[in-house]
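The values are calculated or read from the model by the stated rules, or taken from the named source; none is laboratory data. Quantities reported herein were computed from a predicted structural model and do not represent experimental measurements. FYI the Cβ positions are ideal-geometry reconstructions off the backbone, even for glycines, and counts take in every protein chain you see. Note: accessible area is taken over every heavy atom of the protein model, side chains too, but ligands, DNA and RNA are not part of it. Shrake-Rupley method; radii C 1.70, N 1.55, O 1.52, S 1.80 Å.
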Amino acid sequence: MNADFVDALRLETDFKLNPKNKYELGQFMTPSIISDYMASLFTQKESECTLLDCGAGIGSLSISAINQLKNITSVDLWEIDSLMSKQLKINMEKIDVNYSIYKNDFIQDAVDNILLGKGNRYTHAIINPPYKKINSNSFHRKLLRKTGIETVNLYSAFLSLTIVLMKDHGEIVAIIPRSFCNGLYYKEFRKFLLKNCSIEHIHIFESRNSAFKDYGVLQENVIIKLIKNKRQGNVEISNSKDHTFSDYMVKDFEFNKIVKPDDSEIFIRIPKEFNQVENEKIFSVPLSELEINVSTGSVVDFRVKEYLQYDMEGEIAPLIYPHHFIKGKLFHPQQHKKHNAIKIVPESKKWLMPKDGFYVLVKRFSSKEEKRRVVAYIVDPKEIYQSWIGFENHWNVFHINKHGLDELVAKGLACFLNSTELDQHFRSFSGHTQVNATDLRNIKFPTLETLIELGKSYKTSMNQAQIDKILRGIL
Ligand SMILES: C[S@@+](CC[C@H](N)C(=O)[O-])C[C@H]1O[C@@H](n2cnc3c(N)ncnc32)[C@H](O)[C@@H]1O
C-alpha cells in the first residue's frame, strides 16, 4: 500500500472517530513519513520475524514495517477500538502477510500471556502506544502490578509489556512522549528499561507540534529504538526540525553522555546541539559542593489563608509570587487577586527566610510558548523593607541553609541560570515545561570563583545576548 493512500485513510478514519474515545484511548495516528522512518531503524531485516504492533490504529506502523522486513512469519496487532480495528482488518487483508488482530485490551491480554506463558514472543515491535495517566488504584495498574510493572502512564505500560514480550535481541521502535526521560514518576520505568534493553537510537523533533500536527498535539515526542538484553554501547542520537526530516542529522554518543554514571535519578539526556560540547568550566560542580541548596518555595497559599493579607501593615513578611517580577525587576506589593504579605506568627515562621542576603528564584512553571524553560530572578535585600521573606510555592529558591547568598554569587548564579547554554543543557534532559528542584539539583554548576566572576558583570536588566556574552567571556 502506498504512503499517500495510508495517510488519506488515516485522516478519513480520524474524522469518523468518536471525539470522547480520541482522548480516552489516545488516538493519534502516525503519519506515513514518520512510520517509514521508524521502520527504517530496524537492523535485522532479513531474518525470520514475528512482529508486534500494540495499539495498532489502522496499521500505519505495521504497513511500514512489513515494507522493510523481508521474512515475516506473523504479525500480531492489538486494537481495542471497533472503528479502528475494522479499517485495520481491511488494510491487512490487502497485504500478503500472516496476521492476527486482537480487538482486546492489550494490557489485559499481555499480562495474561506473560503470567500464563501463552501467546507469541516477538523479534520486532513497532509501536505508537496510547498516552494517558493511569491512577495508582486503577484496573490497569492492578493488572500491571501482577507482572511487577509499576508505571504511571499507558504509554510506559505498553512499552514495558512489549519489552517483556520480546525475544532476546528483539528490536523495538516506539514513538512516545519525552516525559519519561526525567522526573521522579518515571524513574521506575527508566530503571526497568535500562535493565532489560540497550538504547540504540533516539530521534528528537525540535518542533513540539511536529509529529502529530494534524491533531494539534503540542507535545515533545521521541522515537526510541531498543534491543532487549543487548549490552549497551554507544547511542545514536538524531534530530530534525520536523517530521519532514529535511535537516536530519545523526551522531554517535557515548552512553555515559546520555545517562551519567553518577546520576542517581538516571535521567536520559538527549544532547540538543550536536556541535555543543558541554563546557566543563560552566558545568563543573554539583550544587552540594557549593554548599548551596535549592528547594520549592514553602508558602502554599491555600493552606495558610488565615495568615495572608493584601496590605503591608503590622508584623508581616512580604510574600513573593512570580507576578511580582516584571522584566526581571521586583515590583512588590501589587494590586492583584493574590495576597502581598504573610503575618509573622510562631506558626508561620517556619515558612519564612531571613533578609540576610540575596536569594535566587527560578519559576517552577512556564508556558509552552515561553522561549526559555529556566528563568531566574534575584531578590536583593535592599529592596525588601521587612526582616523576613515568604516565597510562594510556584518558585524554586536557591539559599544557603535557609539564609541568603552573597551578592556576587547570587548574581553569578542568575547569570548562569539565564544563559542559553544552561537552557539548552536543561532541554537535553527535560521534556516538560516544569522545572523542579530535583532537576536543578541534577545540574552541574560553575565553581564559586567562576560564579563570582560572572556576578561581577551581570545585571538583571540584561538581554539574552548580553548574558551569553558574559558567559562566553569566562571560557
Ligand atoms: C496513539 S494511537 C496509535 C495508532 C497507531 N499505532 C498509529 O501509530 O497510527 C493508539 C491506539 O491504541 C488504541 N488503544 C488504546 N488503548 C488500548 C488498549 N488498552 N488496548 C489496545 N489498543 C488500545 C487506540 O484506539 C489507538 O488506536
So in the range 326-341, with the set limited to residues that are in a loop (DSSP other than H, G, I, E, B) and open to solvent by less than 50 Å² (accessible area, probe 1.4 Å), which one is modelled with the lowest pLDDT? 328
Take the conditions under 24 Å from residue 25 (Cα atoms) and open to solvent by 10 Å² or more (accessible area, probe 1.4 Å) and apply them to residue 90. Does it pass? yes
Strands (runs of 3 or more DSSP E) completely within the range 369-452 that count 3 or more residues being more than 27 Å from residue 264 (Cα to Cα) and in the same structural domain as residue 323 (by TED's automatic domain parsing): 376-379, 388-391
Go through the range 302-324 and give me each residue that's among the aromatic types (Phe, Trp, Tyr) and either on the phi > 0 side of the Ramachandran plot or open to solvent by less than 20 Å² (accessible area, probe 1.4 Å) (or both). 321
Scanning for something of a type outside the set (A, V, I, L, M) and near the ligand (Cβ under 9 Å from one of its atoms), does the range 89-101 turn up at least one residue? no
Residue 374: passes all of (1) aliphatic (A, V, I, L, M); (2) open to solvent by 10 Å² or more (accessible area, probe 1.4 Å); (3) under 26 Å from residue 300 (Cα atoms) but (2)
In the set 132, 86, the lone residue that is within 13 Å of the ligand (Cβ to nearest atom) and over 32 Å from the mean Cα position of the chain (by Cα) is 86
Which condition number does residue 92 fail, the rest of (1) under 19 Å from residue 7 (Cα atoms); (2) in contact (Cβ under 8 Å) with a residue 60 or more places away in the chain being met? (2)
Kindly indicate which of 289, 280, 273, 265 is touching a Ser or Thr at 6+ places or on another chain (Cβ under 7 Å), among the acidic types (Asp, Glu) and either modelled with pLDDT of 90 or more or not assigned by TED's automatic domain parsing to the domain that holds residue 197 (or both). 265
Cβ pairs under 6 Å, 6+ apart, first in the range 98-125 and under 26 Å from residue 152 (Cβ atoms) and without any contact (Cβ under 8 Å) to a residue 60 or more places away in the chain, second more than 13 Å from the ligand (Cβ to nearest atom) and basic (Lys, Arg): 111/146
